[in-house]
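First the structure, in the form of structure tokens, and then the observations on it.
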């Protein structure tokens, strides 16, 4: 498997035993993921594995969801995600448990999460625009300024950097270093920060490009 589902616990720091360096780390609790479905090229058109994380009461499920879990003979889970299958993976089957031990020999990972929502923000906060001059007579201090649209073409081009909704978007941080893996606690320590709020859902995937 290429990854696991987890929850961001928060940030802390650890000390390198040899150099004494302070390392800022994010704590991710991945616990145990349960395989709920194995997809094949012959049946589904692509190869992947569907895993579940967390727990959900049966009364909160729809009948199709409940039937899906009963077919796989697994307990209902709160979150479902798909990951690619590694060539080194053995025979995978529904109901199989997967833990953080899969990252023991992995040096680099990519982490995907939903970034913190910051509401409606101006261009200074959203895109780091400069302030206007504070000199006498200037009234443009935090405004964006001209949109550079004259009679022709007479419209605003899509993608122009303007004030608007900031954050609350799917974000991926790549090339993050795995500092430590605790199999007993189901915890991964990753150097640096990752997207999202504390207790937010994250996807931790192996980075096969960076060595």
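The values are calculated or read from the model by the stated rules, or taken from the named source; none is laboratory data. Bear in mind the structure is a predicted one, so any value in this text is a computation, not a measurement. A quick note on method: Cβ atoms are made from the backbone with ideal geometry, for glycine too, and the neighbour counts reach across all protein chains shown.
Taking region 51-85 only, how many residues are over 20 Å from residue 186 (Cβ atoms), in contact with a strand residue (DSSP E or B) (Cβ under 8 Å, 6 or more places away or on another chain) and not in a helix (DSSP H, G or I)? If you could, list the steps in order and put the result at the bottom.
Applying the first criterion (over 20 Å from residue 186 (Cβ atoms)) to region 51-85 yields 57-73, 82, 84-85.
Of the ones still in play, those that are also in contact with a strand residue (DSSP E or B) (Cβ under 8 Å, 6 or more places away or on another chain) are 68-69, 72, 82, 84-85.
Of the ones still in play, those that are also not in a helix (DSSP H, G or I) are 82, 84-85.
Residues meeting the conditions: 3.
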Item to complete: Mind listing just one residue for me: the one in region 3-31 that is in a loop (DSSP other than H, G, I, E, B) and surrounded by 13 or more Cβ atoms within 10 Å (Cβ to Cβ) and, of those, modelled with the lowest pLDDT?
Response: 31
Discussion item. Tell me whether region 55-69 contains one or more residues that are within 22 Å of the chain's Cα centre (by Cα), buried (at least 16 other Cβ atoms within 10 Å of the Cβ) and touching a residue at least 24 places away in the same chain (Cβ under 8 Å).
Written reply: no
